[in-house]
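Please treat every number below as a calculation from the coordinates, not as lab data. Please read these numbers as outputs of a predicted model, since none were measured by experiment. All Cβ positions, even for glycine, are placed from backbone atoms using ideal geometry, and neighbour counts span all protein chains on display.
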Amino acid sequence: MYQWDFAVVWSYRWLFVNGLWVTLAFTAAIVALGLAVGLLSGLMRLSRLAPLRWTSQGYVEVFRCTPVLVQLVWFYYAMPILTGVEMSATTAGVLSLALYGGAFYSEIVRGGIASIETGQSEAALALGMTPAQSMRRIILPQALKRMVPPLMNQSIIQLKNTSLVSVLAVPDLLYQGQAAAHDSYRPLEIYTIVAVIYFAVLFPLTLLVGRLERRLARSD
Amino acid sequence: MSMTQPMIEVAALRKTFGANTVLRDVNLQVRKGEVVALIGPSGSGKSTLLRCLNLLVVPDGGRVRVGEQSFAFGGAFSLPGTAAMARFRAATGMVFQQFNLFPHMTVLANVMEGPLTVRRLPRARAEELARGLLAKVGLAEKAEQYPARLSGGQKQRVAIARALAMEPAVMLFDEATSALDPELVGEVLAVMQSLAAEGMTMVTVTHEIAFAREVAHRVVFLRDGVIVEDGPARQVIDTPREEATRAFLAHFHRQREG
């Protein structure tokens with residue numbers, strides 16, 4: 001039977017704190033950027049202009065149908081050779097994870113908007129609103145409410161996906177855990193603690209989404 | 001606009017959905033202050049014709065004029081732009097079968113939305129207008145409620161107030177009472193009747209034959225995308241000239257008696 005020794009973990013506490021900080025900052029960046037890209041792409045998907053729809057659909061399918069780890073590595077190694085633009089591991093990580101998440105956000109945005117009854121935009125247009133005014137004043141406020149729970153779910157997945165940037169030696173929680181594991185020769189304790197930290201952050205968020213979903217269901 | 005020119009003029013209107021021709025060569029004129037009821041079996045094109053009057057449905061051919069604004073469709077004519085269409089629609093008010101109130105806004109905000117967003121009225125002015133209209137439809141005390149809390153009849157009266165807040169030249173009613181419980185139909189018809197009495201130009205698609213007979217000046221009977229009969233309301237309903245109109249109305253009379 002393995003003899004657990006968590007005392008050793010304590011001496012690496014600042015590594016974990018730094019790693020968690022990087023993970024959270026990374027998450028904030030890719031969620032914010034991903035939401036912007038996703039909203040834009042979702043709106044483009046519903047455009048009357050076919051080229052905008054095709055661009056959006058092409059983007060979504062490319063990023064949904066390739067593994068995010070492959071995208072990460074491709075952005076870091078392949079893209080600089082093709083474009084001549086060097087980028088840091090952090091830039092490559094933010095870019096690929098934001099675009100990956102954006103593809104899923106895009107589908108959530110499209111679905112949320114499509115779920116609003118056509119009578120709503122008809123009523124807005126009949127009042128004399130332009131399609132843009134109808135979207136901003138009538139459709140989006142209702143659709144956003146329906147999108148919040150799935151957007152939060154996707155953002156939770158995004159937080160988990162940040163662990164992949166450790167592959168590019170970005171010093172996130174998992175990367176710092178690896179460093180601590182090599183240093184201490186106690187990988188079981190270290191990786192258990194890493195898992196516990198991810199869980200401690202994500203579980204309350206999951207509960208929050210659940211509560212939000214129930215509250216929105218009641219108000220509909 | 002001269003006094004003799006009709007408020008609404010539709011000429012040679014055509015509309016097809018895929019292989020299905022819904023309107024073929026429809027000509028219709030509505031004078032200022034006139035109330036016209038569009039009746040006909042389902043699929044006759046009456047709702048589509050109404051929706052062509054505010055371009056919620058864009059015709060494939062023909063001409064539509066409301067007040068001063070006129071559009072021609074088909075052939076060499078390019079589709080009007082979104083801003084031009086919005087301006088055109090702002091001159092007509094529309095009331096829908098399913099009310100289509102904005103559920104994320106209070107009753108008052110629903111009625112203020114057109115004046116604020118489209119007419120760009122100052123908020124105080126828009127609110128004054130909206131409260132006045134809510135009083136007019138008998139719902140002043142519901143101003144701060146959300147639509148979900150209202151009965152169907154109340155929702156439809158709010159929807160009428162919302163459309164009136166644009167101070168339109170024409171009101172269009174698309175089966176405004178068809179989704180209501182029978183006991184709530186009367187309150188909505190009463191509001192429509194008082195609007196008609198004020199001289200509002202109205203086009204209404206309706207299954208309420210008695211209402212059409214009492215309130216409308218003219219009844220237009222459509223079948224298969226064609227205007228079959230168009231005449232004074234009582235004459236068309238009591239002594240229709242066309243066999244098709246008679247057959248359609250007989251169905252209603254049977255329902256009344258049965």
* Structure fact -> GNM on chain B, Cα springs under 10 Å; top mean-square fluctuation among B:Leu121, B:Leu50, B:Leu139 goes to B:Leu121
* Can you find, among A:Thr83, A:Pro131, A:Gln71, the residue farthest towards the positive end of the dipole of the range A:25-146? Put +1 on the C-beta of Lys and Arg, -1 on that of Asp and Glu. => A:Pro131
* Structure fact -> Taking the reciprocal of mean 1/r across every pair of different Cα atoms in the range B:101-258, the Kirkwood radius in Å is 17.1 Å
* To do: Putting +1 on Lys and Arg Cβ atoms and -1 on Asp and Glu Cβ atoms, find which of B:Val107, B:Val215, B:Ile237 reaches farthest to the positive end of the dipole of chain B.
  => B:Val107
* To do: Could you work out the equivalent-ellipsoid semi-axes for the protein assembly as shown, taking the square root of 5 times each eigenvalue of the Cα gyration tensor, largest first, in whole Å?
  => 60, 25, 19
* Asked: Gaussian network model of chain B, Cα springs within a sub-10 Å range: biggest mean-square fluctuation belongs to which of B:Ala12, B:Ala37, B:Ala216?
  -> B:Ala12
* Structure fact -> Of A:Ser96, A:Ser56, A:Ser11, the most mobile residue in a GNM of chain A (C-alpha springs, cutoff 10 Å) is A:Ser11
* Asked: For the range A:121-127, in order, what is each residue's ³J(HN,Hα) by Karplus, 6.51 cos²θ - 1.76 cosθ + 1.60 with θ = phi - 60°, in whole Hz (x at glycine and Pro)?
  -> 6, 4, 5, 5, 5, 5, 6
* To do: Give the residue from B:Thr82, A:Gly119, B:Leu180 lying farthest towards the positive end of the charge dipole for the protein assembly as shown; charges sit on Cβ (+1 for Lys and Arg, -1 for Asp and Glu) and the dipole is referred to the Cα centre.
  => B:Thr82
* **Beta bridges by DSSP in the range B:132-258, antiparallel share as percent, to the nearest 5** => 55 percent
* Reach of A:Lys145 by Cα under 27 Å, taken over lysines that are not fewer than 8 positions away in the same chain -> A:Lys160, B:Lys142, B:Lys155
* To do: Starting with the fewest neighbours, write out B:Lys46, B:Lys15, B:Lys142, B:Lys136 ranked by other beta-carbon atoms found within 10 Å of each beta-carbon.
  => B:Lys136, B:Lys142, B:Lys15, B:Lys46
* Asked: Among A:Phe203, B:Phe71, B:Phe99, what is the fewest-to-most ranking by other Cβ atoms within 10 Å?
  -> A:Phe203, B:Phe71, B:Phe99
* For B:Lys15, go through the lysines and keep the ones whose alpha-carbon is under 23 Å away, minus same-chain ones fewer than eight residues off. => B:Lys46
* Structure fact -> In whole Hz, the Karplus estimates of ³J(HN,Hα) for the range A:101-106 (6.51, -1.76, 1.60; θ = phi - 60°; x where Gly or Pro) are x, x, 4, 6, 4, 4
* **Beta bridges per DSSP with both ends in the protein assembly as shown, % antiparallel, nearest 5** => 60 percent
* What is chain A's relative contact order, in percent, from Cα pairs under 8 angstrom and six or more apart in sequence? -> 29 percent
* Order of A:Trp21, A:Trp4 from fewest to most other C-beta atoms within 10 Å? -> A:Trp4, A:Trp21
